[in-house]
Amino acid sequence: MADFLTLDILIVLTFLAIIVACPTYALYGISRSRPSARPLPGIAHGVGGWLLLFVATIVLSIVMLILETLNLYQVLSSMGSWNVGLLCPTVVVVMLYIYCTYLIVWVRKPFIVKHIVVVLWVVGPIATLLLAFIAGTDINYSALIRSAIYATVWTAYFGLSKRVACTYGTPAVENILAMARKLAEAQAHVAKVKAEEAKKQKK
């Protein structure tokens, strides 16, 4: 562990953390000016918590893509085999990530959940398979599994999160309201039963 955490690596990690944290915090500040679609009392809403972490992972992905492309450019340029067409996949993926970020930060509509889920799978497992097919290379199963796990986890989050439902007004809000009503009715029933029992004891 000590050999891994050298000074150079710590500097790189610190630099990476800063260039990810600054845009993420700026996006968080912007998102606070956009009211949630269906805020409910007692339930977290707005771009915060796990949703803000998701934004940070998008920013990190964009940064890593740019750094990897710059590294690829240096290697291929030194070999004299650089082609501008190699930038196309990176540009497409970065634009899709930016689109995702725009939806999360600025838009407060139910449709964004479906759009984000589609983008997650397109830039993840589907892109990995397509690039391998187009380039005629072996599939990078490690990258495929990582991207599939990432897409699956966040797909589940966007489908189940109360914060997401309240922030973007998805149909799940109605389920939350129904559960809240049932809970309130159950609590009222319990209170009524206790009151009746108390009266009986007094008599």
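Miscellaneous remarks
- Once backbone amide H atoms are built at 1.01 Å from N, residue 169 has 37, 38 as its partners under 5 Å, excluding neighbours fewer than 5 places away on the same chain.
- The length gained on full extension between residue 9 and residue 107, counted as 0.36 nm times the residue separation minus their Cα-Cα distance, comes to 31.5 nm.
- Accessible surface of segment 1-145, 1.4 Å probe, proportion on carbon and sulfur as whole %: 73 percent
- Full-extension gain in nm, residue 68 to residue 118, via 0.36 nm per residue minus C-alpha separation: 15.6 nm
- Rg/Rg_ref, segment 1-145, where Rg_ref = 2.2 N^0.38 Å and atoms are Cα: 1.26
The values are calculated or read from the model by the stated rules, or taken from the named source; none is laboratory data. Quick caveat: nothing in here was measured; it's all calculated off a predicted structure. The protein model used for the area step is the full one, side chains on, heavy atoms only, and it has no ligands, DNA or RNA in it. Shrake-Rupley method; radii C 1.70, N 1.55, O 1.52, S 1.80 Å.
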